[in-house]
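S.K.: Structure provided below as structure tokens; questions to follow.
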Amino acid sequence: AGPAMTLQNHPLKERLGSIEWLLLLATLCLVVIGVAFISSARTSAEMAEDYSLFRQFYFKQLIFAGMGLSAAVLINLLDYHSLARWSLVFYWACIGILLLVPLIGVSAGGATRWINLGLFNFQPSELAKLAFIFMLASFLARPDQELRTVGNFWKAIGMMVLPFIIILKEPDLGSALIFIPVGLVMMFVGNIPLRYLAKLVGGAALLIALVLVDVLFAPKALQFIQLENYQKQRLMVYFGLDFAPENATEAERRAARQLQEEKSYQVRQALITVGSGGLRGKGWRQGSQTLYGYLPPGAAHNDFIFSVIAEQKGFIGSATVIVLYGVILFTGIRIASQARDRLGKLLAVGVVTLVFSHVFINIGMNIRLMPVTGVPLPLLSYGGTSVIVSLLAIGVLHNVHLYRRAY
């Protein structure tokens, strides 16, 4: 092949014609919906407070979205091959930052996951997901015969396991788990031998089963894996297990029931909030569950933003959000199928799997199909790092589309 051409050599009309407008429109719609419902995810007491514009969550989200969109545009000025050359530096820089989090990070809710940057708390685990996609895609873009060696298979596993363990220690189980489906799907598409993947999936399933038995049923003194209390309680709530041990006294049982009520409060209220919207919803800023603080105010604008939308815009609003995500995902699959080479296909597949995993886990959490893990809903949940990285990831997806014929 001749030297790489860049879109700068193409006339403006042709460049504009190369834009994937459906992907862009769906993304912008979700950003606008996110800002609108972050604004509406406030209690009546919060609305009565005279906060300045710069302290409003929705205004901060607008700034984050502007930063993310700008970064997404800039990332499309270079083709993905040029970006992938820096994948090793990008990946190890993120690993280094993750290792620094326990030393310089900000703690909240028993976890240390953020670094205070002034404007917002930066969460390195979000950026590490994108770095991992670049690193693994670059590694798997090698010839098939090299991927059939056991050594290269274990190198790919190591790339996935390293950030998984570091993030799990923060602790942030939800973000750590995202690396597993992203890594497995990319390895499958990258032609890692199925016999290796089958053994890996089987071993992982067995390991998860053993971990659940160990955490949920083994006496604390004999447990091999020690989770934080709140993590174990979330799992117990999800599986409907009694908080009281079998030999508990009546007083202990009453205390355990009260604790169980407290720990299951969020998921119960989220489910009530989703169901209360009906077909058309109660109207923007009119949801009583949100307005009167039944849906926990500290989580309504981030982890449970889908519940807010479902209450205020009902089934129609919820379905609209899911359709918009579907447009992004199916457009991403089409981009992957049309990619010029394996690197482009793997990058697109990685981003699609990342977005799908976040959407599936977060919406499942809101309707009690998944345990509460703190995984944000891309482009909708409040959060600086989340929205910026989500837009960057979609920028990478569009980059693969934009440069599919540039060689």
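The values are calculated or read from the model by the stated rules, or taken from the named source; none is laboratory data. This one's a predicted model, so the numbers in the text were calculated from it and none came from an experiment. We place every Cβ from the backbone using ideal geometry, glycine too, and count neighbours over all the protein chains shown. Remember, those area values only see protein heavy atoms, side chains included, never the ligands or the DNA or RNA. Shrake-Rupley method; radii C 1.70, N 1.55, O 1.52, S 1.80 Å.
S.K.: With respect to Ile316, is the statement that it is aliphatic (A, V, I, L, M), in a helix (DSSP H, G or I), open to solvent by 10 Å² or more (accessible area, probe 1.4 Å) and over 24 Å from Val387 (Cβ atoms) true? Talk me through it step by step, then tell me what you get.
M.R.: Details: aliphatic (A, V, I, L, M): yes; in a helix (DSSP H, G or I): yes; open to solvent by 10 Å² or more (accessible area, probe 1.4 Å): yes; over 24 Å from Val387 (Cβ atoms): yes.
Considered against the rule, which asks whether it is aliphatic (A, V, I, L, M), in a helix (DSSP H, G or I), open to solvent by 10 Å² or more (accessible area, probe 1.4 Å) and over 24 Å from Val387 (Cβ atoms), Ile316 comes out as yes.
S.K.: Is it the case, given these coordinates, that Gln289 is surrounded by fewer than 19 Cβ atoms within 10 Å (Cβ to Cβ) and over 19 Å from the mean Cα position of the chain (by Cα)? Walk me through how you get there before you give the answer.
M.R.: Working: surrounded by fewer than 19 Cβ atoms within 10 Å (Cβ to Cβ): no; over 19 Å from the mean Cα position of the chain (by Cα): yes.
When the stated conditions are applied, Gln289 does not pass them.
S.K.: Something else about it: Hey, could you check the stretch 319-363 for residues that are among the charged types (D, E, K, R) and in contact (Cβ under 8 Å) with a residue 40 or more places away in the chain and say which is surrounded by the fewest Cβ atoms within 10 Å (Cβ to Cβ)?
M.R.: Selected residue: Asp341.
S.K.: So which of Ile316, Ile361, Ile305, Ile328 ends up being of a type in the set (A, V, I, L, M, F, W, C), within 18 Å of Ser276 (Cβ to Cβ) and in contact with a Ser or Thr (Cβ under 7 Å, 6 or more places away or on another chain)?
M.R.: Values: Ile316 fails: in contact with a Ser or Thr (Cβ under 7 Å, 6 or more places away or on another chain); Ile361 fails: within 18 Å of Ser276 (Cβ to Cβ); Ile328 fails: within 18 Å of Ser276 (Cβ to Cβ).
The conditions single out Ile305.
S.K.: Write out, first by first residue and then by second, each pair whose Cβ atoms fall under 6 Å of each other, whose residues are 6+ apart or on separate chains, and whose first residue, in the stretch 159-187, is touching a residue at least 12 places away in the same chain (Cβ under 8 Å) while the second is open to solvent by 50 Å² or more (accessible area, probe 1.4 Å) and part of a helix (DSSP H, G or I).
M.R.: Ala176/Leu168
S.K.: To continue, here is another question. Run down Gly151, Gly174, Gly158, Gly118 and say which single residue is farther than 21 Å from Leu354 by Cβ, open to solvent by less than 60 Å² (accessible area, probe 1.4 Å) and of a type in the set (Gly, Ala, Ser). Before the answer, list the steps.
M.R.: Numbers: Gly174 fails: farther than 21 Å from Leu354 by Cβ; Gly158 fails: farther than 21 Å from Leu354 by Cβ; Gly118 fails: open to solvent by less than 60 Å² (accessible area, probe 1.4 Å).
Only one candidate qualifies: Gly151.
S.K.: Now, a different point. List pairs: first residue in the stretch 297-314 and within 11 Å of Gly34 (Cβ to Cβ), second residue of a type in the set (Gly, Ala, Ser) and not in a helix (DSSP H, G or I) anywhere in the structure, Cβ distance under 8 angstrom, at least six positions apart or on different chains.
M.R.: Filtered contacts from the stretch 297-314: His301/Ala41; His301/Ser381; Asn302/Ser381; Asn302/Gly383; Ile305/Ala41; Ile305/Ser381; Val308/Ala41; Val308/Gly287.
S.K.: Right, another one. Suppose the filter is among the hydrophobic types (A, V, I, L, M, F, W, C) and open to solvent by less than 10 Å² (accessible area, probe 1.4 Å); does Ile309 pass it? Show your work before the answer.
M.R.: Values: among the hydrophobic types (A, V, I, L, M, F, W, C): yes; open to solvent by less than 10 Å² (accessible area, probe 1.4 Å): yes.
Here the answer is yes, as Ile309 does meet what is asked.
S.K.: Going through the stretch 57-86 one residue at a time, which ones are assigned to a helix (DSSP H, G or I), over 20 Å from the mean Cα position of the chain (by Cα) and polar (S, T, N, Q)?
M.R.: The answer is Ser70, Ser82.
S.K.: Taking the residues in the stretch 18-36 that are under 24 Å from Arg405 (Cα atoms) and under 18 Å from the mean Cα position of the chain (by Cα) as candidates, determine which candidate is surrounded by the fewest Cβ atoms within 10 Å (Cβ to Cβ). Spell out the reasoning first.
M.R.: Kept after step one, since they are under 24 Å from Arg405 (Cα atoms), are these residues of the stretch 18-36: 18-27.
Adding the requirement that they be under 18 Å from the mean Cα position of the chain (by Cα) leaves 26-27.
Details: Ala26: 22, Thr27: 27.
Out of the qualifying residues, it is Ala26.
S.K.: For Ile133, state whether it is open to solvent by 30 Å² or more (accessible area, probe 1.4 Å) and among the hydrophobic types (A, V, I, L, M, F, W, C). Write out each step before concluding.
M.R.: Values: open to solvent by 30 Å² or more (accessible area, probe 1.4 Å): no; among the hydrophobic types (A, V, I, L, M, F, W, C): yes.
No; evaluated as a whole, the condition is false for this residue.
S.K.: Let me ask something additional. Can you name the number of the only condition in (1) closer than 25 Å to Leu369 by Cα; (2) open to solvent by 60 Å² or more (accessible area, probe 1.4 Å); (3) among the charged types (D, E, K, R) that Glu246 fails?
M.R.: Here Glu246 meets the rest and fails (1).
S.K.: Further question on the same structure: Kindly check whether there is at least one residue in the stretch 373-390 that is part of a helix (DSSP H, G or I), touching a residue at least 12 places away in the same chain (Cβ under 8 Å) and in contact with a Ser or Thr (Cβ under 7 Å, 6 or more places away or on another chain). Step through it out loud before you land on a result.
M.R.: Residues of the stretch 373-390 part of a helix (DSSP H, G or I): 384-390.
So of that shortlist, the ones also touching a residue at least 12 places away in the same chain (Cβ under 8 Å) come out as 384-390.
Going one step further and asking which of them are in contact with a Ser or Thr (Cβ under 7 Å, 6 or more places away or on another chain), we end up with none.
Taking every residue of the stretch 373-390 in turn, none turns out to be part of a helix (DSSP H, G or I), touching a residue at least 12 places away in the same chain (Cβ under 8 Å) and in contact with a Ser or Thr (Cβ under 7 Å, 6 or more places away or on another chain).
S.K.: Can you tell me how many residues within the stretch 84-100 are open to solvent by 40 Å² or more (accessible area, probe 1.4 Å) and among the aliphatic types (A, V, I, L, M)?
M.R.: We begin by selecting, within the stretch 84-100, every residue open to solvent by 40 Å² or more (accessible area, probe 1.4 Å); these are 85-86, 88-90, 92-93, 97, 99-100.
Right, trim to among the aliphatic types (A, V, I, L, M) and you get 88-89, 93, 97, 99-100.
Number satisfying all stated conditions: 6.
S.K.: Could you figure out which of (1) open to solvent by 40 Å² or more (accessible area, probe 1.4 Å); (2) within 25 Å of Ala299 (Cβ to Cβ); (3) touching a residue at least 24 places away in the same chain (Cβ under 8 Å) isn't true of Ala141?
M.R.: So the condition that Ala141 fails would be (2).
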